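Each value in this text was obtained by applying a stated rule to the coordinates, not by laboratory testing. All of these numbers come straight from a predicted model, not from anything done at the bench. Every residue, glycine as well, gets a Cβ built from its backbone with ideal geometry; the counts of neighbours run over all protein chains shown.
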Amino acid sequence: MVRFENVGLRYGMGPEVLKDITFSIAPRSFQYLTGPSGAGKTTLIRLVLMALKPTRGLVNLFGQDVARLDNETLTAFRRRMGVVFQDFRLLDHLTLYENVALPLRVLGKEETSYRAEVVELLRWVGLGERMHAVPPVLSGGEKQRAAIARALISRPELLLADEPTGNVDPALGRRLLRLFMELQTLGTAVVIATHDITLMELYDAPRLVLADGHLHVDA
Amino acid sequence: MSTPEPDAEEMVREEPALPVNLRRDSPLVPVDSVAGRALMAVIAILTFLAALSAGAAVLAARASEQWRGAVANEMTIQIRPDARRDIEADLALAVGMAAGVAAIESVRVVPKPESDKLLEPWLGAGLDLVELPVPRLIVLKLKAAAGPELAAFGAALRREVPSASLDDHRLWVRRLSTMANTIILSGVAVVLLVLCAAGLAVAFATRGAMAGSRDSVEVLHLVGADDAFIAREFQSRFVQLGLRGGAVGGGAAILVIGLLGWLASRWRAAPEGEQLQALFGAFEIGWTGYGAVILVAMVVAAIAGVVSRFTVRRYLRGLA
């Protein structure tokens, strides 16, 4: 599903922030992406999302070399992925309902066709009573849950979650982890970027460990 | 934090009861921002100016049509006093000759007091003009299809009455036409310039909005929106602003034109009003004029849409 071979990334003329990154993500797999703060976890996620272009190496997504993708294919691939940003990236002028429904709305679907799904998911993440609120009035935890709901609403084949339990209490953190595991059993490949050792100990899975710009896999 | 609901397995799918006031389909690009309102004001002002120019052009076109219609169907015979000739006899001879021409519908001799009155604006009222050699005038109304016989009539008149001259108003019509055409062309040029200015204002505002919404644009891309979708969202925002600005500007222009027409009709009795009416007719732009004003407002909105879409597509290509 995702294959990186000797991928390197530098910003401008600066030093390489990611060096010789080689790993792959299989369909229906579950893995953590871990490492100290500033190790490049978010950058690696942005590379997978094709929001950044590598300066060298090969990135292969869904069987295609991303260097040769046209805009239409790029968009089609992004629609197969769900992402939870560390800083949530909710649109401040939209209600939670609209934020969560965004991936379906950009597909051109009618609002009535996805209403039940959106409401169900919002209720499941505990935001059923807050669906009319806009992000600036929400707590960090509420924003995080909304961001997770937005990533899940389109039932992606690949879920990339950047610190998805960073702002929620341990009970909800465990519950979200169970949800991600459930998604995996339903066919979604899950990558959770975290440095929360407790969370990783709850469910044993391969760890992609980033340190000093290099990545190694702890199976 | 809200208490989480039970696990997924325990959930029962039920028909969602959404709050009545829940916003479900807000524009992805906010319209009512400060920048949006400022742009709307700029569009309203530009539309107002363009609509007034268009209205002025229509007014000039209508007035010049009236002048041309009135003047082109008339000719004047002017008989200058000549000490060696009897002016009244010449007058009668000219009237007789004119009445014999088929292309002339009616002949009217302008009475002497009326001729004298024409001099009042220059010489003042109450003067005895008996000693002054005031020319006499004969107004000829022409039939719609005046033929070449008028030229022959002019030559015959000069032969029979040497002190008479036939004025077919061609020079006057030409000057009026030139003036009216200049006003119309100026109006059209101003409308085009203002439309260009509106386009540029929208282009700059779009670039500003894109730069300000860079994060939102990235989020839209990452949740699967393509460039066409994002361009449509921005376009719909700017079309809305263009329509609102156009409606405000066009509405204000219609109001001002209507007000000027009303004032002109109130002043009609005064000398200034008479002059205004002589120049601009009834000072009404008619349905064509109001249509032109509305068209200008709609073109401004369309320009806002097209320019913003083009700008967004260029901007997104630059991001790729």
message: Only counting other Cβ atoms within 10 Å, I'd like B:TRP262, B:TRP67, B:TRP267, B:TRP287 sorted with the fewest neighbours first.
response: B:TRP287, B:TRP262, B:TRP267, B:TRP67
message: Using Cα springs under 10 Å in a Gaussian network model of chain B, which residue among B:ARG85, B:ARG232, B:ARG24 shows the largest mean-square fluctuation?
response: B:ARG24
message: Test of understanding: ordering A:LYS41, B:LYS141 by Cβ neighbours within 10 Å, fewest first, what list do you get?
response: B:LYS141, A:LYS41
query: Quick one: B:HIS169, B:HIS221, A:HIS216, fewest Cβ neighbours within 10 Å first, how do they rank?
result: A:HIS216, B:HIS169, B:HIS221
Set of the range B:72-96 residues, backbone N closer than 15 Å to the point 7 Å along the Cα-Cβ line of B:SER165: B:76-82
- request: Under 1.5 on a/c is rounded, so check that first for the range A:1-94, then, if it is not, pick prolate when a/b is larger than b/c and oblate when it is not; a ≥ b ≥ c are the square roots of the alpha carbon gyration tensor eigenvalues.
  value: rounded
message: Less than 11 Å Cβ to Cβ from A:ASP20, Lys/Arg counted +1 and Asp/Glu -1: what total charge do the surrounding residues give?
response: 0
statement: Computed for the range B:81-162: size of charge dipole around the Cα centre, +1 on C-beta of each Lys and Arg, -1 on C-beta of each Asp and Glu, debye to nearest 20, value 320
task: Name the residue farthest towards the positive end of the dipole of the protein assembly as shown from the options A:SER37, B:ILE294, A:MET13, assuming +1 on Cβ of Lys and Arg, -1 on Cβ of Asp and Glu, about the Cα centre.
output: A:MET13
message: What is the distance in Å between the Cα centroid of the range A:177-202 and that of the range B:73-87?
response: 109
- line: Taking a crude spin-label model, label points 7 Å out from Cα along the C-beta direction, the B:LEU255 to B:ASP86 distance in nm is 6.9
message: Placing unit charges on C-beta atoms (Lys and Arg positive, Asp and Glu negative, everything else neutral), compute the dipole magnitude of the range B:81-123 about its Cα centre in debye, rounded to 20.
response: 40
- prompt: In the P(r) worked out for the range B:81-162, what percent of Cα pairs fall beyond 19 Å?
  reply: 46
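For the range B:81-162, calculate the relative contact order in percent as a whole number, restricting contacts to Cα pairs under 8 Å that are 6 or more residues apart.
Numbers: 66 pairs, mean separation 35.9, N = 82.
Computed over the range B:81-162, the figure is 44 percent.
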- request: Averaging sequence separations of C-alpha pairs under 8 Å and six or more residues apart, then dividing by the length of chain B, give the relative contact order as a whole percent.
  value: 32
- prompt: Convex hull volume of the Cα atoms in the range A:13-159, per residue, in Å³?
  reply: 151
field: Residue-averaged 222 nm ellipticity for chain B, from DSSP H runs of 4+ at -39500 (n - 2.57), nearest 500
entry: -23500 deg cm²/dmol
field: Stretch gain in nm, segment A:ALA116-A:THR55, where the contour uses 0.36 nm per residue and the Cα spacing is subtracted
entry: 17.6 nm
message: Connecting C-alpha atoms closer than 10 Å in a GNM of chain A, tell me which of A:VAL118, A:VAL17, A:VAL100 has the biggest fluctuation.
response: A:VAL17
task: Taking only the C-alpha atoms, wrap a convex hull around chain B and report its volume per residue in Å³ as a whole number.
output: 236
statement: The farthest towards the positive end of the charge dipole of the range B:81-162, of the residues B:ALA89, B:LEU132, B:PHE153, given +1 on Cβ of Lys and Arg and -1 on Cβ of Asp and Glu, is B:PHE153
- request: For helix A:96-105, report the angle its Cα long axis makes with the longest principal axis of the Cα atoms of chain A; keep it between 0 and 90° and round to the nearest 10°.
  value: 60
message: Can you say what percent of the DSSP beta bridges in the protein assembly as shown, counting only those with both residues inside, are antiparallel? Round to 5.
response: 65
query: For peptide B:228-240, how many partner chain Cβ atoms fall within 10 Å of a residue's Cβ, on average?
result: 1
field: Cα pair count fraction exceeding 19 Å, expressed as % - the range A:101-219
entry: 52
statement: Taking R0 as 30 Å and r as the Cβ-Cβ distance between A:ALA219 and A:ASP169, the FRET efficiency 1/(1 + (r/R0)^6), rounded to the nearest 0.05, comes to 0.45
query: Using +1 on the beta carbon of Lys and Arg, -1 on that of Asp and Glu, and nothing else charged, what's the dipole of the range B:52-123 about the Cα centre, debye to 20?
result: 160
message: Can you bin every Cα-Cα distance in the protein assembly as shown into 20 Å intervals starting at zero and give me the percent of pairs per bin, rounded to whole numbers?
response: 17, 32, 19, 14, 12, 7, 0
- prompt: What nm distance separates the two modelled labels at A:ARG68 and B:GLU114, each placed 7 Å from Cα along Cα→Cβ?
  reply: 9.3
query: With r defined as the distance between the Cβ atoms of B:GLU74 and B:SER186 and R0 fixed at 35 Å, what FRET efficiency is calculated, to the nearest 0.05?
result: 0.80
query: If you take the square roots of the eigenvalues of the alpha-carbon gyration tensor of the range A:108-164 and sort them as a ≥ b ≥ c, do you get rounded (a/c under 1.5), prolate (a/b over b/c) or oblate?
result: oblate
